[in-house]
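Down below is the structure, laid out as structure tokens.
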Amino acid sequence: MKAASGPAALVVTDLDGTLLNAAHQIGPADREALLALGRRGVCRVAATGRNLYSLRRVLVPADPFDYVVFSSGVGILDWSTQVLIHSTVIAPEQVERCVQALVAQGADFMVHEPLPENHRFAYHEAVPRETDFRRRCALYAAHCREWQPGARFTQGASQLLVIMPPDLGRFELLAQAVAGLSVVRTTSPLDGVSLWMEVFAPGTNKSAAAAFLAARLGVDPEATYALGNDFNDADLLAWAAHSCRMFPLWSQINTTGKYSGEATCVSC
């Protein structure tokens, strides 16, 4: 797609819980709808909280997207070329400050390495709690290590992840401890109960990534659409001119960028 003329519209969709089915796949009808959008000149963007390693477990280069936003905006891939066109990183001194603050608060957290190795992390469990913290460590056993006091993060970090029981008061307290950075609330994709606090470089989130693409491509702000289902989609849904938490019939977004139908819940 060329920025000179601009796409007919920009459609940004979350993956897990929105587009992907229970088998973490794109259903046949939805795949065809994505292909149809492409034929109409609509720019198709997937925006996920998954890191690059996890993303490649559910999407392949042949999937019908133009761009993919991963790690909630840490990186953006041109999907046809697999080239990274945008990325963010938390500066080393900011990482150190956050680690110190979280240790002081008795938090359980993970510090993820910068791209492209952002599936690798150092973890610190202050006190065993009823969360999926250990489950996530087990899933990434080959890619994680225990944090040791005095450890330095000289290359910075792509993000910090704090895992806690579903306690909003605790969440707000820890968010204040890392003030100045971008904080995103997410429901755990592992147990559906634990509360995840994702900490990113300032200005990093799904909406910022979508805005970057819209500006780069010259998309009419009124022709932006967003679909999502969780707290980490809230800023994206608020940013788009048209948004929906229910999954709409993609084929009802016509070539002028106008959604011609009601939001429809479909089986993916």
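Available extension along the chain between R185 and R97 is 29.7 nm, counting 0.36 nm per residue and deducting the alpha carbon span. Taking all Cα-Cα distances within the chain, those exceeding 32 Å account for 23%.
What residues have an amide H closer than 5 Å to that of A226, excluding those fewer than 5 places away on the same chain, when H is modeled at 1.01 Å from N in the peptide plane? Hits under the 5 Å cutoff: V12, H242, S243, C244. Listed by Cβ neighbour count within 10 Å, with the fewest neighbours leading, S80, S72, S194 appear as S80, S194, S72.
Packing, taken as the mean count of other beta carbons within 10 Å per residue, orders the peptides 43-52, 159-168, 14-23 from highest to lowest as 43-52, 159-168, 14-23. When DSSP beta bridges are restricted to pairs lying wholly in the chain, around 60% turn out antiparallel. If you wrap region 49-100 in the convex hull of its Cα atoms and look at it from every side, the mean projected area works out to 4.1 nm².
Relative to the first principal axis of the alpha-carbon coordinates of the chain, what is the inclination of helix 168-177, with its axis defined by its Cα atoms, in degrees from 0 to 90 and to the nearest 10? The answer is roughly 80 degrees. Taking label points 7 Å from Cα along the Cα-to-Cβ direction, D16 and I85 give a separation of 2.6 nm.
Could you list which residues have their amide H under 5 Å from that of V219, counting only those 5 or more apart in sequence or on another chain, with H placed in the peptide plane? The list, which skips near neighbours in sequence, is empty: none. Near A47, once Lys and Arg are set to +1 and Asp and Glu to -1 for all other residues with Cβ below 13 Å from its Cβ, the sum equals -3.
Between 0 and 90 degrees, the angle of helix 92-104 with respect to the longest Cα principal axis of the chain falls at about 60 degrees.
Computing Rg and the Kirkwood Rh from the Cα coordinates of region 1-69 gives a ratio, Rg/Rh, of 0.97. Relative to the longest principal axis of the chain, what angle (0 to 90°, nearest 10) does the C-alpha long axis of helix 28-39 take? Orientation of helix 28-39: about 70 degrees from the principal axis. Please name whichever of A208, V219, A91 sits farthest to the positive end of the charge dipole of the chain, dipole taken about the Cα centre and charges placed at Cβ: Lys and Arg +1, Asp and Glu -1. Going by the Cα projections, it comes out as V219. Note on region 92-200: Cα convex hull, mean projected area over all directions, 6.2 nm². Across the chain, the mean sequence separation of Cα contacts (distance under 8 Å, 6 or more residues apart), normalised by length, yields a relative contact order of 23 percent. Using a cutoff of 8 angstrom between alpha carbon atoms and counting only pairs six or more residues apart, the relative contact order for region 92-200 works out to 30 percent. Adding -39500 (n - 2.57) for every DSSP H run of four residues or longer, then dividing by how many residues the chain holds, sets the calculated 222 nm ellipticity at -7000 deg cm²/dmol.
Readers should treat all values here as calculations from the given coordinates under stated rules, not as data from a laboratory. All values derive from a computational prediction rather than experimental measurement. FYI the Cβ positions are ideal-geometry reconstructions off the backbone, even for glycines, and counts take in every protein chain you see.
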